[in-house]
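Worksheet: one structure, shown below.
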Amino acid sequence: MKAANLGVLFLIELGALAAAGYWGFTRDVATPLGWLLGLGAPAVLIALWALFGSPKARYKTRGGGRVGFELLWFGAGVVALVLAGAFVWAVVFAAVCAVSKMLAVIWRQ
């Protein structure tokens, strides 16, 4: 179960990126701006993860700061889905994130 949760943790990271991209590409804007949003939103999340969230992050977050960062980072994925109109997917994604992150804390992953 612990190994499976590590896989789920990785998949929800990718899910947040996909949700941000989906939001960008579904905006009713000119094509170049849609591409910019669709590629730029995940790029911003990647940069934030590299700086604060990854195991090799330049600015490591711990304790409450880590919890806050992850709430904002994964919350961005949920909000992106809501703004794109994918309400059911937003609820499912939020639930999977909550359960997986809770298990990660319990199992010290």
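The values are calculated or read from the model by the stated rules, or taken from the named source; none is laboratory data. All values reported here derive from a predicted model rather than from experimental measurement. Virtual Cβ from ideal backbone geometry, glycine too; neighbours counted across all protein chains shown. Keep in mind that these areas ignore ligands, DNA and RNA; they rest on the heavy atoms of the full protein, side chains included. Shrake-Rupley method; radii C 1.70, N 1.55, O 1.52, S 1.80 Å.
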- When the charge dipole of the chain is computed with +1 at the Cβ of Lys and Arg and -1 at the Cβ of Asp and Glu, the Cα pointing farthest to the positive end, of Gly24, Gly53, Ile106, is that of Ile106
- Kindly report, to the nearest 10 Å², the accessible surface of Arg27 as traced by a 1.4 Å probe over protein heavy atoms only. 70
- Task: Report the calculated FRET efficiency for Ala104 and Ala47 (r = Cβ-Cβ distance, R0 = 22 Å), to the nearest 0.05.
- Result: 0.45
- Task: Rounded to the nearest 10 degrees, what's the angle between the helix 2-25 long axis and the longest principal axis of the chain, both from Cα atoms, 0 to 90?
- Result: 20
- Note on the structure: A correct Karplus calculation of ³J(HN,Hα) over the stretch 50-55, with 6.51 cos²θ - 1.76 cosθ + 1.60, θ = phi - 60°, whole Hz and x for Gly and Pro, returns 5, 7, 10, x, 6, x
- Item | Share of carbon and sulfur in the accessible heavy-atom surface of the chain [1.4 Å probe, %] | 76
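Once Rh is set to the Kirkwood radius over Cα pairs, what Stokes-Einstein translational diffusion coefficient, in µm²/s, holds for the stretch 47-102 at a temperature of 10 °C and a viscosity of 1.306 mPa s?
So the translational diffusion coefficient is about 132 µm²/s.
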- With every protein chain in place, what's the accessible area of Thr26 (1.4 Å probe, Å², nearest 10)? 60
- In debye to the nearest 20, how big a dipole does the chain give about its Cα centre with +1 on each Lys and Arg Cβ and -1 on each Asp and Glu Cβ? 540
- Message: Apply the a/c threshold of 1.5 to the C-alpha gyration tensor of the stretch 1-82 and tell me whether it is rounded, prolate or oblate.
- Response: prolate
- Item | Extension gain, Ala4 back to Val96 (0.36 nm per residue minus Cα-Cα distance, nm) | 31.8 nm
